[in-house]
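The values are calculated or read from the model by the stated rules, or taken from the named source; none is laboratory data. These figures come from a predicted structure and were not determined experimentally. Don't worry about glycine lacking a Cβ; one is built from the backbone with ideal geometry, like all the others, and counts go over all protein chains shown. Ligands, DNA and RNA are excluded from the accessible area calculation, which covers all protein heavy atoms including side chains. Shrake-Rupley method; radii C 1.70, N 1.55, O 1.52, S 1.80 Å.
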Amino acid sequence: MIVATLCFYLFAGVAIVSGLMVVTARNPVHAVLFLILTFFNAAGLFVLLGAEFLAMALVVVYVGAVAVLFLFVVMMLDVNFQELRAGAARYMSVGALVGLALLAELALVLGGMTLGGVEVSGGALPTPPADQVHNTRALGQIIYTDLFVLFQIAGLILLVAMIGAIVLTLRSRPGVRKQKIADQLARTPEQAVEVVKVPLGGGAQ
Amino acid sequence: MQAAPMLPEILLAIAGMVLLMVGVFVGDKSAKPLTYVVAAALFAALALGWTTPHGDAFGGLFVADKLAYFAKALIVIGAAATVLMAAGRATPSDGSGPMRFEQPVLMLFASVGMMLMVSANDLMSLYVGLELQSLALYVLAAIRRDSLRATEAGLKYFVLGALSSGMLLYGAGMIYGFTGATNFDRIAASVTAMGTPSLGLVVGIVFLMAGLAFKVSAAPFHMWTPDVYEGADTPITAFFAAAPKAAALALFARVMTDPLGDAASAWGQIVAMIAGLSVIVGAFGALAQRNIKRLMAYSSIGHVGFALIGLAAASENGVRSLLIYSAIYLFMNLAAFAFILAMRRDEHAVETIDDLAGASQTHPYMALALAAVLFSMAGIPPLAGFFAKLYVLSAAVDSGLYVLAVVGVLASVISCFYYLRLIKLMYFDAPRDAMDSPMPRDLGLVLGVATAIILVFILIPSPIVATATAAAQELFQR
């Protein structure tokens, strides 16, 4: 138990510190690296909560894809971050307001606020109970077994979206040079190479 | 898990994917043959639905009952007729290019979405069905991508539709949170146990209704309708006005009466308000329209308002009248749009109401059919539209909604003005440059059959009335 508590304080502490570093670091590349560190610590917190699927998804999706994409953008674009940061003080009050609203919501949830007779923090109990089945397995059971037909229909929706994107944007323009691999492969040496006799000092025609 | 009740949808989804592959390999010249295959597939699915067992499917996610079947019949008739009408314009000469092969395929996928949503027995299946339908419709609205108006229509529809989907999802989330279930049967049990609906549930219902009202284009969520109807290609507009309306109305009726039936105290007033506003907006909005597609858009807002008066009654009779209304409205719409599609001069589509002037002399049969349809829309006996309004109003009066019934009648009187103006233009004004004749055969067929149905409804009402009665009865027994 003590190990879990220590791990919690370690993850939480590092997450807060690296989160602060994300917004204060001078070098944007460092800021993105700190962001990745924050994600890793948040994933650790999820593991402590028993939500290992969410932890994996966080690492795969956010660290593996989103943050690396950020890093590429930051390194490849010449963005002047000092200029971007210049207006920060002006928006500080708005940011503080949003932060206060979030803090108030957190306090309400922890304070046992009820809405229409239902306790706000009292979410429905997970089905099946978490100590009987891993949540990865439970999610897979729901998405791919119980609700597999909805999963299929979602696939159909994506197909329609793809058709739509193609119908509305793809145009076949005449005169565009395209690589035709079949033509390239069908070329013979006779078509491609011309053998000429170059007279001494005369140069090729 | 039982899949059999959903075989029609499965068949259609597979047909859609196969036809898409055919279209990709053959190209746009396959568009016209594809429309016939799509229409055949739709009717095959309907026939299959007749033979498959009714009941829950996929562990209660979907249900195939009489209401679903009634709505599916309307969807198939509306979709097939408009798909075929679009085929008649496969090669328009107004510079908009040939019909794309994706158009019938997307219409098929939209129909699959509609059939799924009228069968939905769960908030999640409701949402995926609705989204499949909407996404296909957004693309269809803008499918003439080189036309500025079509692009505007598509973009407007997409942005507002996405917003309404968000509201619907928020409402569904609230309902899930406060009843602890997404399945309609379990929501119904939870709402019954609750007695008076809790505040959170009411918030959820309001947001869910806002999303649904957008989909049926009821006031005050109707703003997109005139622009989209005007901007989209006319066969697409006909499709919008026919199939999705019937589907969304049936869905509205199911969601309000099946899972939330015991919360009628919470939604009854809201539906009454939406219905009253819609008939008023439909009546006054259409007065100043010169473009016949915009006029039809306002007319559709008014008709949807009338159908919702039936729902506001919150009774078995009310749902029955809503179903009858949406069926009769579907046929009136198909006839009207067959006529609008035939309005062409020198091979170019014309769409102002002044182009109708003197049509009785140049096109006597077409004008006669349209006059019958317009009289029916205005609600003049003995045509079908009169009985549609009669059923709705009597259901409202039975439930004590006297004010709403009076508002409906007054709006109906006002809307007579613009229907009769069209008839006056056709019969009493001097003809201008004659429109092209003769009418294309497929359009003539749709116009003739739909007009015949409107005319003979008074003699043989039972195919529509009896099935609607059975559907409403089953819905209220659940």
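Structural remarks
- Here the condition is being in a helix (DSSP H, G or I), within 12 Å of chain A (Cβ to nearest Cβ) and open to solvent by 10 Å² or more (accessible area, probe 1.4 Å); of B:L19, B:L84, B:L46, it holds for B:L19 alone.
- Filter result for B:A248 (surrounded by 24 or more Cβ atoms within 10 Å (Cβ to Cβ) and closer than 22 Å to B:M343 by Cα): no
- Residue within the stretch B:217-224 that is of a type in the set (A, V, I, L, M) and either in a helix (DSSP H, G or I) or in contact with a strand residue (DSSP E or B) (Cβ under 7 Å, 6 or more places away or on another chain) (or both) present: no
- All of (1) closer than 22 Å to A:M162 by Cβ; (2) loosely packed, with under 15 Cβ neighbours inside 10 Å; (3) at pLDDT 90 or above hold for B:G27 with one exception: (3).
- Subset of the stretch B:387-404 [among the hydrophobic types (A, V, I, L, M, F, W, C) and either surrounded by fewer than 21 Cβ atoms within 10 Å (Cβ to Cβ) or outside any helix (DSSP H, G or I) (or both)]: B:L390, B:V397, B:L401, B:V403
- Test: residue in the stretch A:116-127 that is at pLDDT 85 or above and small (G, A, S): no
- Matching helices (runs of 4 or more DSSP H) fully within the stretch B:100-215 where at least 3 residues are open to solvent by 40 Å² or more (accessible area, probe 1.4 Å) and more than 25 Å from B:L12 (Cβ to Cβ): B:148-179, B:184-194
- Residue match in the stretch B:354-364 (condition: in contact (Cβ under 8 Å) with a residue 12 or more places away in the chain, part of a loop (DSSP other than H, G, I, E, B) and either among the acidic types (D, E) or at positive phi (or both)): yes
- A count restricted to the stretch B:109-121 and to residues that are under 15 Å from the mean Cα position of the chain (by Cα) and more than 10 Å from chain A (Cβ to nearest Cβ) stands at 5.
- One residue from B:L199, B:L208, B:L212 being over 20 Å from B:L311 (Cα atoms) and of a type in the set (A, V, I, L, M): B:L199
- Within the stretch B:430-463, the set of residues being open to solvent by 50 Å² or more (accessible area, probe 1.4 Å), modelled with pLDDT under 80 and out of contact with any Lys or Arg (no Cβ under 7 Å at 6 or more places or on another chain) comprises B:R432, B:A434, B:S437, B:P438.
- Meets criteria (among the small types (G, A, S) and open to solvent by less than 10 Å² (accessible area, probe 1.4 Å)) for B:A39: yes
- Matching option when the condition is closer than 23 Å to A:A4 by Cβ and of a type in the set (D, E), among A:E83, A:E52: A:E52
- Of all the criteria given as (1) within 23 Å of B:L455 (Cα to Cα); (2) surrounded by fewer than 23 Cβ atoms within 10 Å (Cβ to Cβ), the one not satisfied by B:L356 is (2).
- Residue in the stretch A:172-196 that is farthest from the other protein chains (Cβ to nearest Cβ), counting only those that are open to solvent by less than 100 Å² (accessible area, probe 1.4 Å) and in a loop (DSSP other than H, G, I, E, B): A:V196
- Residue among B:L7, B:L34 that alone is open to solvent by 30 Å² or more (accessible area, probe 1.4 Å) and part of a helix (DSSP H, G or I): B:L7
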